[in-house]
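Presented below is the structure to which this report refers.
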Amino acid sequence: MNYLSTRGQAPKQSFLQILLGGLAPDGGLYLPETYPHFSAAELAFMRDMDYRQLAFTILSRLADDIEPDDLKALCDKTYTTDAYSHGRPDSDFSQITPLRKLEDGVFILELSNGPTLAFKDMAMQLLGNLFEYALDQAGQDINILGATSGDTGSAAEYAMRGKHNVRVFMLSPEHGMTRFQQAQMYSLQDANIFNIAVRGVFDECQDMVKAVSNDLEFKAKYRIGAVNSINWARVAAQVIYYFKAYFAVTTEAGQPVDFSVPSGNFGNVCAGHIARMMGLPIRELIVATNENDVLDEFFRTGVYRPRKSAETLHTSSPSMDISKASNFERFIYDLVGRDGAKVAELWRAVEAGESFDLNAAGLFAKVADFGFVSGSSSHADRLATIRMAWEKYATVIDTHTADGLKVGLEHREIGVPLVCLETALPAKFEDTIVEALGRKPERPAGLENIENLPRRVDLMDAEVAAVRAFVAHHAGD
Ligand SMILES: *Cc1c(COP(=O)(O)O)cnc(C)c1O
């Protein structure tokens, strides 16, 4: 299996060759040259597999340059009941992604039972093990530099902690995360994890990371890497749970299923698109946004109009507060018939701060063929949905999951199972749960006192020179 770039101008590479990198050299994103396809007979065979077997079966098609025995070991090591057992006490953690029935035909897929209580653990835990494996083989190490406003940074740290050939330098805004999210990251004591709290906002953190990464000499000297959401292995890992959920809600081959996905950078729902391209009978992929509705606008109108970061609203589902959706280019590549030159042209406009409109060329009409629909949700909708889920289903859901449930129910068709992806546990976003329900959500066992644990974090001004000096000092050589 070879990977090509969505902009058509980069050499083809294998899975391991693109694992540690980010963008392709032509600025595009990597995708499989052709999607592997599971036949009806193969799907029937996969129906009774457990999560680890499914992971191996799917990933062995996408990462065929990893020795099968090694890949099997990596899947077995990653997807353990132990790692994914931080959710509600009545869930069946042996399923790794248990399904919770809300009512006939409506389900929540629990993706947030991993160590940081958000779905990013589903992919990041695998990435940690893949990085360690690939770096060992190459006899290399890496210094991961990133910026986070919450879920990504903590998922990366928990995935990489203790890995002997990886260090993580994670910048976060001093006041930009919930108390719980801060405590999760800053309480890690592992020697290879460096938390840097920046006196500034998230955008300043991100600009500092960009400035350091754009210095190619520094980047090469200190072996700087990233684990951002465009990383192909992360998308690939997310494909697995669509299959798992599909088999859990159906009994017969070919039955259609709808998925509702709280979306920001389009990584999660892009994995759903890829599962569909690989032969999974998904009817609708429901893209749910918050007030930052750049994706909803596209799927309603055919116009993609990325916002400026100053126009990005701070909402109560903060992990979906994005101005442009970094993985969206992957879907557009398929939508335009895999025409790399066309994608390059569209993204020249995006990079110049402009929008593009796919109506003219008749391309927008093709969106329906790929099953995409969308909707958005406001703070008031979020509160109402959290209350409804509590009163009607006796289930406390987080703010992002509420956006997905609200939009999912709007698109529901009786007779087609609707699976709403749970992207975080409510304990991560206590204040909004208190606002909706008048009480705090339950905390998973062992995390009751997380705010009081000793912290390991360095405070820094928003100055690029300070980050460079810090990384150079700790990066080892
Ligand atoms: C990252 C995240 C999202 C958005 O996922 P994308 O893959 O960026 O679309 C939604 N909810 C939560 C809780 C997240 O952490």
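Could we say that Asn214 is within 14 Å of the ligand (Cβ to nearest atom), more than 21 Å from Thr97 (Cα to Cα) and either open to solvent by 10 Å² or more (accessible area, probe 1.4 Å) or at pLDDT below 95 (or both) here? Steps first, please.
Details: within 14 Å of the ligand (Cβ to nearest atom): no; more than 21 Å from Thr97 (Cα to Cα): yes; either open to solvent by 10 Å² or more (accessible area, probe 1.4 Å) or at pLDDT below 95 (or both): yes.
For Asn214, the condition - within 14 Å of the ligand (Cβ to nearest atom), more than 21 Å from Thr97 (Cα to Cα) and either open to solvent by 10 Å² or more (accessible area, probe 1.4 Å) or at pLDDT below 95 (or both) - is not met.
Would you please list the contacts, defined by Cβ atoms under 7 Å and residues six or more apart or on different chains, that run from a residue in region 360-371 that is closer than 16 Å to Ile286 by Cβ to a residue that is aromatic (Phe, Trp, Tyr)?
Note: pairs meeting the criteria are Val367/Phe299.
Does region 270-281 contain any residue that is open to solvent by 10 Å² or more (accessible area, probe 1.4 Å), in contact with a Pro (Cβ under 8 Å, 6 or more places away or on another chain) and more than 16 Å from the ligand (Cβ to nearest atom)? Don't jump to the end; show me each part of the working.
Of region 270-281, the ones open to solvent by 10 Å² or more (accessible area, probe 1.4 Å) are 276-277, 279, 281.
From what's left, in contact with a Pro (Cβ under 8 Å, 6 or more places away or on another chain): 281.
Now restrict to residues that are more than 16 Å from the ligand (Cβ to nearest atom): 281.
The answer is yes; a qualifying residue exists.
Which count do you get for residues in region 192-211 that are open to solvent by 30 Å² or more (accessible area, probe 1.4 Å), in contact with a strand residue (DSSP E or B) (Cβ under 9 Å, 6 or more places away or on another chain) and not acidic (Asp, Glu)?
Of the residues in region 192-211, 5 are open to solvent by 30 Å² or more (accessible area, probe 1.4 Å), in contact with a strand residue (DSSP E or B) (Cβ under 9 Å, 6 or more places away or on another chain) and not acidic (Asp, Glu).
Could you check, for region 405-419, whether at least one of its residues is of a type in the set (D, E, K, R), in contact (Cβ under 8 Å) with a residue 40 or more places away in the chain, surrounded by 14 or more Cβ atoms within 10 Å (Cβ to Cβ) and farther than 22 Å from His175 by Cα?
The initial filter retains those residues of region 405-419 that are of a type in the set (D, E, K, R), namely 406, 410, 412-413.
Okay, now just the ones that are also in contact (Cβ under 8 Å) with a residue 40 or more places away in the chain, so 406, 412-413.
Keeping just the survivors that are surrounded by 14 or more Cβ atoms within 10 Å (Cβ to Cβ) gives 406, 412.
If we keep only those that are farther than 22 Å from His175 by Cα as well, we get 406, 412.
Yes; the residues of region 405-419 include at least one that is of a type in the set (D, E, K, R), in contact (Cβ under 8 Å) with a residue 40 or more places away in the chain, surrounded by 14 or more Cβ atoms within 10 Å (Cβ to Cβ) and farther than 22 Å from His175 by Cα.
Can you name the residue in region 236-255 that is of a type in the set (A, V, I, L, M) and either in contact with a Gly (Cβ under 6 Å, 6 or more places away or on another chain) or more than 15 Å from the ligand (Cβ to nearest atom) (or both) and, of all such residues, is modelled with the lowest pLDDT?
So the residue we want is Ala253.
Out of the residues in region 256-269 meeting the condition of being within 12 Å of the ligand (Cβ to nearest atom), crowded, with 24+ Cβ neighbours inside 10 Å and of a type outside the set (Ser, Thr, Tyr), tell me which one is farthest from Ser39 (Cα to Cα).
Gly264
Would you list the helices (runs of 4 or more DSSP H) that sit entirely within region 283-389 and hold 2 or more residues that are within 16 Å of the ligand (Cβ to nearest atom) and under 20 Å from Glu410 (Cα atoms)?
Details: elements: 294-301, 328-335, 340-351.
In region 283-389, the matching helices (runs of 4 or more DSSP H) lie at 294-301.
Determine which member of the set Ala248, Ala220, Ala253 is open to solvent by 10 Å² or more (accessible area, probe 1.4 Å), over 26 Å from Pro306 (Cα atoms), out of contact with any Ser or Thr (no Cβ under 6 Å at 6 or more places or on another chain) and without any contact (Cβ under 8 Å) to a residue 40 or more places away in the chain.
Just a single option satisfies the conditions, and that option is Ala220.
The values are calculated or read from the model by the stated rules, or taken from the named source; none is laboratory data. Bear in mind the structure is a predicted one, so any value in this text is a computation, not a measurement. Positions of Cβ are generated from backbone atoms using ideal geometry, with glycine treated the same way; all protein chains shown enter the neighbour counts. Note: accessible area is taken over every heavy atom of the protein model, side chains too, but ligands, DNA and RNA are not part of it. Shrake-Rupley method; radii C 1.70, N 1.55, O 1.52, S 1.80 Å.
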